[in-house]
Ligand SMILES: [Ca+2]
Ligand SMILES: [Ca+2]
């Protein structure tokens, strides 16, 4: 079939659309209005000339302080749109407002155009103003201080700046000079910006905070994971712009936070577009880093920017954490949220089907839906001019690829308000997020002829709890009520009916409730413990009840997918009227230890059929096993720029050896990501890793570390550190 | 960096979601309810056995006639959902309703499940009905005729059918047998189907008609292109299912026309997903077929299905035509529409910017937006349960990739009603389509300092006319009023304001109108003609006016992109009060002939500045050059199954030779696509190609042909043929 077709844009567009911030244009140093005379162009020496431009970009100068950008490790000026900043221009002689004409020119991308907002001249005089305001705030000798206010909806990214002097014969400009390059970011502090967030505590958390907590574990046994978003680290801002370049996102769209977050939700995963992170849930991470091993986003983003290749590997919280870095780095307020019992991979249905045989035993082959113990996504804050009023504010975006939904390798922004009110007809993907928190779990009994009969519907299991970190604090914040009305309220029913109108299919049948309850206890078990499982049956009726029960225990992934069953009992339980009865299962650690998958969850399901009534009972419980911990100790004087020591200690609590062990450690403003490899940690033995570091700035922060090896994942530790100036 | 990471679904999902209709499952022939005894399983010989199943699938049998599927060239039963069809089952003995239990089982995809609608048993008894109804319509000896009504929302695609006899010990089934495979399609004839279209004339056109007309050319000089959609041709239905398989579209989503058309809008182009057609607007089609050369969809779809590789090349009407085949083949009512003066590649803005210098001369380097002379997309008919009431009916889908809009390699379905009313906040991509028909053309004057001043706004140029073929006829139907309210009406202004509320940016300024009009004439020019261009200036004022005018003529692509300028005049025109003045430009064919691009359009632009007022005037006109024609003659008796002769004649009207000439010909129900190659057609010489063919069915149809070579494209011919039974 010959060589691959070579397809150009010829005939389709006058010029390719600028879609790379990294590409720049060359603006001529001289631009004449006249034809050259016999001796060429006239020299412009008699006119105003520019000898120096001071971008006032030091972290302690007013620009970076006023614009909340002093923390960025960057050699360039970084400001936020819709807010004034200043530069100092030294001319060849004092500036004469009546005679001299000059402009500052801000240019972004390869084909700057005034009408597209990619070329913006800013004038010092009131009469000649563009969408970016300019004024002179000070003149002294040859030095003019010029204040510029970029439009509050201008393009976000890296600009080149020129000073242009206009003479009757033409324009003379400063040469292209990278020290005058500057970044313009979103501005949550300014009311005119689409990302304006009118709460300083929230802004400090959702834009400025580097050290985060991501919740995982299970609904009734919440675990925490420290994460260094590192949005101010050296090279991170450029990496974020590279992500948009890699997506070939038109420069002209980069002032719109809706478009930016939608593109990013696609680009954060590698599906379709060679995006940032490769998903892997298999437990085999041979050719990359285990998702549980990462301590922050810095390594991931810098690796992607330098290798130009997707980084291995991620699971949901890694996608959400790196997305969070991207958003905060660009100035879009954002947070990572965790939804416990997330209906997943079920294509936006309001039903999660669990299939049982006629005796009430779960049929694992036929049960294909799963409920994730938890799922992490992001919320970002912005107005929604594309929707009717009322849907601005927090928006769900999710970069975790949805494997079973067609082409859903991007998700959001979906208005949280719209989700709460069942207004799921609005873009983007609101119906999908709605299902993640509102699905019913339907237990079906499968008849011999292959048909199914719904026997139990649990309408409260999914979306049980939505958490995020409290602003300015390390505590949890329950934001479930921002997604759903109270269980059983009139509003809740109205919302579900509204969603049904928009085509979300729900289970209509309400099978009769059984008069026997089965309850599984909360358990706190450390990896390696033997333990007892007490299953309690409660007969609420006035008659004796006999339950043919199935008690099953499996090791499961956090996706709810069962790995192996280590416990299976089929007791017949006879319960007297109005009485309780306990069934006790003893589990030895050796039964589950060899089969542990990475997140060390045990999943217990009890189902059963009541002989006397034929009704089905069910109960489910996820138990997160306690892992051993890393002990981190930090010593030193705790002063900026003075060396300190961090020590990580780990004791292998098992009788078996751990092989191919990686430890990673980092801390915002103190320590860049570091890692260390141990081929072998013998059973019962200890290791100590000592690392020197020099804090860069004052404040309270944390050093965090993880240990990871194929046999034991998600071992963590952290230490709080206070650095004085 | 080692071998490529191997990523599995392990840990993520219990089982991969079925996403290939071509994959089938193996349903066991025997399925016992009991454990085997000491002598194995009991033989089920004493129970009812199945000796034969007749799918009643001949084109002249009731199933295909009642379901409007007799035209499909297929060896299988093809029916539509929500409508009863019949099969005959011959048992080993007469069926005894009181004793014997049997079911028909319909299975689709690799992991059939009752709860997902991929495994559907259908029972003959009233007491045991599923979502698909079953009843016995006749019994005679051992033969039972069973009528089945698939659910009106069931999955569309290729099913396997089994007959299962249920005995006390287990189930005995027919063996898997491909002759019992059958297709279930959408059903526009049934009110319960989401694609129900309550108009038989429209259904006949938009589902059953194979031969179409696609409009092109320019607004005031409309041209037609014949196209053989060929949706009933052998292999086309399988190709359409393959497209969904290739997209890995979950089988469970394939009952939803909204999801199907959205997936298809992405898959019809090769961007992102190795979809069906590679776009190419360059004029260089060396490694494929020129877009203007195709005569129908059959070749394209069969090639894609067999090669599994994108087919080269397409432009907008090819995308729309093949998409139309896909939709009609699956039973979704659809039509190709043409929008004249389509605002394009401008990312859904309501502004198309044209940049001029201060004298009113167009600055081609700085003008990056283009207005396509026309753009083709599809409308498909369906309800929209995902949206509030009122947005069902015709929906825009568009498979032409939008190069400059981020990731927009799919478009729609967008409700035409929503577009008309400016309700562009609803999915999918309504704002984008809205801009294609409602943008303003803004002429800017560029000042020396780089800023722009809008000097003229044309609010009526874009989306001037939307056409589709009339149902049951070969005439045009103007459907502009389905997309827009009348120019100047109150409703029109309300709609534009509504769109602005949803964030569509418009040009606010209303520069004063000039008191001089400039008018370009309609021209009918054949390729190779010398001609005169009369530019008429009309002075409406009471004073003398002097216009410094620029008259420019370019060869342009249909995308509005200029190839080369062959005419450039700069007259100063003095017009007396209330008078007209003509400027005449004489154009010799040699000026434009060598520079012709494929669609042979000439684009004239007149701009100018009025000396006395400083105001700007503009006029634009696209002239489609008349190409030579192919002459097709058909002879023969005009009876089904009797051989006939088609003769194609072409005379090279030019003095130069044509090289590498391809002629293609086809006709629905008569002739499969055929093509012939001529290395050289000498200037002034003629060629004749004679082809024998045998009509397969009665009726009136057309044979169509195209001639294509690099120097001359879009030469067409057609002949009407009536075939008697
Ligand atoms: Ca992606
Ligand atoms: Ca595609």
Final fewest-first order of B:189, B:377 on the 10 Å Cβ neighbour count is B:189, B:377
Long-range share for the range A:467-622, i.e. C-alpha pairs more than 24 Å apart as a percent of all pairs, stands at 55
Partner shielding of B:364-370, as the mean number of partner chain Cβ atoms within 10 Å, equals 5
So the compactness index of the range A:59-198, its C-alpha Rg divided by 2.2 N^0.38 Å, takes the value 1.04
Taking the label point 7 Å from Cα along the Cα-Cβ vector, the copy-to-copy distances for residue A:481, listed from shortest in nm with one decimal, are 5.4
Length-normalised contact order of the range B:293-343, Cα under 8 Å, at least 6 apart, in percent, tallies to 30
Per-residue average of other protein chain Cβ atoms inside 10 Å, peptide A:283-294 -> 2
Cα extents of the range B:116-267 per principal axis, largest first, Å, are 75, 33, 26
Here the averaged projected area of the range A:56-130, based on the convex hull of its alpha-carbon atoms and given in nm², is 6.9
Per the range A:462-526, sqrt(5λ) over the Cα gyration tensor eigenvalues, sorted largest first, in Å, gives 29, 24, 10
Within the protein assembly as shown, the percent of DSSP beta bridges that are antiparallel, given to the nearest 5, stands at 90
The rounded separation in angstrom of the Cα centers of the range B:439-498 and the range B:351-385 is 10
Rounded to a whole number, the mean other protein chain Cβ count within 10 angstrom for residues of B:11-23 is 6
So the FRET efficiency between residue A:544 and residue B:234, C-beta based with R0 = 51 Å and rounded to 0.05, is 0.15
Protection proxy (average C-beta count within 10 Å per residue), highest first, orders B:336-347, B:80-91 as B:336-347, B:80-91
When all Cα-Cα pair distances of the range A:604-725 are considered, the percent exceeding 26 Å is 41
Of every Cα-Cα pair in the protein assembly as shown, the percentage lying beyond 52 Å is 38
Note to self: C-alpha centroids of the range B:279-310 and the range B:161-222 sit apart, in Å, by 26
For the pair residue A:125 and residue A:201, the simple spin-label estimate (label points 7 Å beyond Cα toward Cβ) gives in nm 5.1
In nm, the gap between the two label points placed 7 Å beyond Cα toward Cβ at residue B:677 and residue B:220 is 4.4
Scoring chain B by relative contact order with C-alpha pairs under 8 Å, at least six apart, yields a percentage of 9
For B:644, A:211, ascending order of other Cβ atoms within 10 Å (fewest first) is B:644, A:211
Computed D for the range B:1-104, Stokes-Einstein, Kirkwood radius over alpha-carbon pairs, 10 °C, 1.306 mPa s, to the nearest µm² per second, is 83
Using eta = 0.890 mPa s and T = 25 °C, Stokes-Einstein with Kirkwood Rh from Cα pairs puts D for chain A, in µm² s⁻¹, at 85
Kirkwood radius from Cα pairs of the range A:536-684 plugged into Stokes-Einstein at 37 °C, 0.692 mPa s, gives D in µm²/s equal to 167
Scaled by the rule-of-thumb 2.2 N^0.38 Å, the alpha carbon Rg for the range B:501-558 gives a ratio of 1.70
The helix A:236-246 Cα axis meets the longest alpha-carbon principal axis of chain A at an angle in degrees, between 0 and 90 and rounded to 10, of 90
In whole angstrom, largest first, the equivalent ellipsoid semi-axes that the Cα gyration tensor gives for the range A:160-227 are 47, 16, 8
Rounded to one decimal in nm, the spacing of the 7 Å Cα→Cβ label points at residue A:39 and residue A:139 is 3.1
Kirkwood-based Rg/Rh on the Cα set of the range B:548-633 evaluates to 1.09
Rounded to the angstrom and largest first, Cα extents along the principal axes for the range B:661-725 equal 43, 19, 18
Sorted shortest first, the nm distances from the residue B:720 label point (7 Å along Cα→Cβ) to its counterparts in the other copies are 8.9
Convex hull around the C-alpha positions of the range B:331-433: the volume in Å³ per residue is 115
Only helices counted: for chain A, with every DSSP H run of 4 or more residues adding -39500 (n - 2.57) and the sum spread over all residues, [θ] at 222 nm is -3500 deg cm²/dmol
If labels are modelled 7 Å from Cα along the Cβ direction, residue B:23 lies from its partners in the other copies at nm distances, smallest first, of 4.0
For the range B:55-186 the mean separation of alpha carbon contacts under 8 Å (6+ apart) over residue count, i.e. relative contact order in percent, is 28
For the range B:429-502, the Debye formula with one identical point scatterer on each Cα and no solvent gives log10 I(q)/I(0) at q = 0.15, 0.17, 0.24 Å⁻¹ as -0.67, -0.79, -1.13
Expected sort for A:662-675, B:22-35, A:612-625 on mean C-beta neighbours within 10 Å, highest first, is A:662-675, A:612-625, B:22-35
Ordering B:312-324, B:631-643 by per-residue average of other C-beta atoms within 10 angstrom, highest first, gives B:312-324, B:631-643
One would report the Cα pair-distance distribution of the range A:266-342, bin width 10 Å, in %, as 19, 53, 26, 3
The residues A:311, B:433, sorted from fewest to most surrounding Cβ atoms within 10 Å, come out as A:311, B:433
Between the Cα axis of helix A:257-267 and the main Cα principal axis of chain A, the angle (0 to 90°, nearest 10) is 60
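Every number in this text was worked out from the coordinates using simple rules, so none of it is lab data. Model, not experiment: these values are computed from the prediction. All Cβ positions, glycine included, derive from the backbone under ideal geometry; neighbour counts span all protein chains shown.
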